[in-house]
1. So what is the calculated 222 nm ellipticity per residue for the chain, using -39500 (n - 2.57) for each DSSP H run with n of 4 or more, over all residues, to the nearest 500 deg cm²/dmol?
2. Give me the extension gain from Glu145 to Arg56: residue separation times 0.36 nm, minus the current Cα-Cα distance, reported in nm with one decimal.
3. If you line up the Cα atoms of the stretch 43-112 on their principal axes, what length do they span on each, largest first, in Å?
4. Report relative contact order for the chain in percent, whole number only (criteria: Cα-Cα under 8 Å, sequence separation at least 6).
5. Taking a spot 7 Å from the Cα of Arg131 along the direction of its beta carbon, which residues of the stretch 47-67 have an amide N less than 14 Å from it?
6. So if I place +1 on the C-beta of Lys and Arg and -1 on the C-beta of Asp and Glu, and nothing else carries charge, what would the dipole magnitude of the chain be about its Cα centre? I want it in debye, nearest 20.
7. For the stretch 100-173, which trypsin sites (Lys or Arg not before Pro) are in a loop by DSSP, counting at most 12 other Cβ atoms within 10 Å?
8. For Ala32 and Phe87 in one chain, what is 0.36 nm times their gap in residues minus the Cα-Cα distance, to one decimal in nm?
Amino acid sequence: MVRMPASRPYHHGDLRAALLRSAEHTLREKGAGALSLRELAREAGVSHAAPGRHFRDKQALLDALAMEGYERLDRVLGEAYGAGPDFERRMVAIARAYLGFAVEHPELLELMFTRKHRPDSSAQLSAAVDRTFGALTRLFADAQERGEIVAGDPERIALAAAAHLHGLAALIASCALDAEEAVAGLDDHVHLLLHGLTPRPPDGA
């Protein structure tokens, strides 16, 4: 009697989390083009069909990675929002947290902002973007109420600040700007962001 080979178990532990960890490692080392559900299944020691219980295709996996990236970025930025009563100091802390995330996870940040997503994931990811930058908008709105910054649409001000920070992150990711140099000069970057380039009278004038 011929014995059929035993099928591999569906998973060991949390397969979804294991697949996401492995996928992020591949993303970091080889890029999104190298991601394959079949290869991830092989690495996890499960059948090639098992990942389909969590991700219907590669794009669904990429969307899940992007969502996880937003959740981690939210936690990192959340810790920076309470960095003391001084508004400029808080902005430096936020900038440092954002660039720290960008330096540590450049491929993930690119996936979060530049990749196309499935229609059924777009609403969830849009909500994640709103949460991330909505907190920044509230920070500027609170600063306006305290008279720390100029009046105006806080969403537009937050957009300008976010574009500034993301621009620095993009320059670092493309190797056009040294990461250590950028982080070391954050105080000056934030000062220019908040005070602009208009000449100001000397102190006491």
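Read-outs: derived from the displayed coordinates by stated rules, not from any lab. Everything numeric in this text was worked out from a predicted model, so none of it was measured. Neighbour counts are summed over all protein chains in view; Cβ atoms, including those assigned to glycine, are modelled from backbone coordinates with ideal geometry.
1. Numbers: 9 runs with 137 residues, N = 205.
Roughly -22000 deg cm²/dmol at 222 nm, from the helical runs in the chain.
2. On the way: separation 89, 0.36 × 89 = 32.04 nm, distance 4.71 nm.
Using 0.36 nm per residue and subtracting the Cα-Cα distance, I get 27.3 nm.
3. Principal extents (largest minus smallest coordinate, Cα): 54, 20, 18 Å.
4. Details: 164 pairs, mean separation 38.7, N = 205.
Result for the chain is 19 percent.
5. Answer for this model: 64-67.
6. Numbers: 24 positive and 29 negative charges, 265 e Å.
That gives a dipole near 1280 debye.
7. On the way: sites: Arg115, Lys116, Arg131, Arg138, Arg146, Arg156; in loops: Arg115, Lys116, Arg146.
The qualifying sites are Lys116, Arg146.
8. Values: separation 55, 0.36 × 55 = 19.80 nm, distance 3.80 nm.
Extending this stretch completely gives an extra 16.0 nm.
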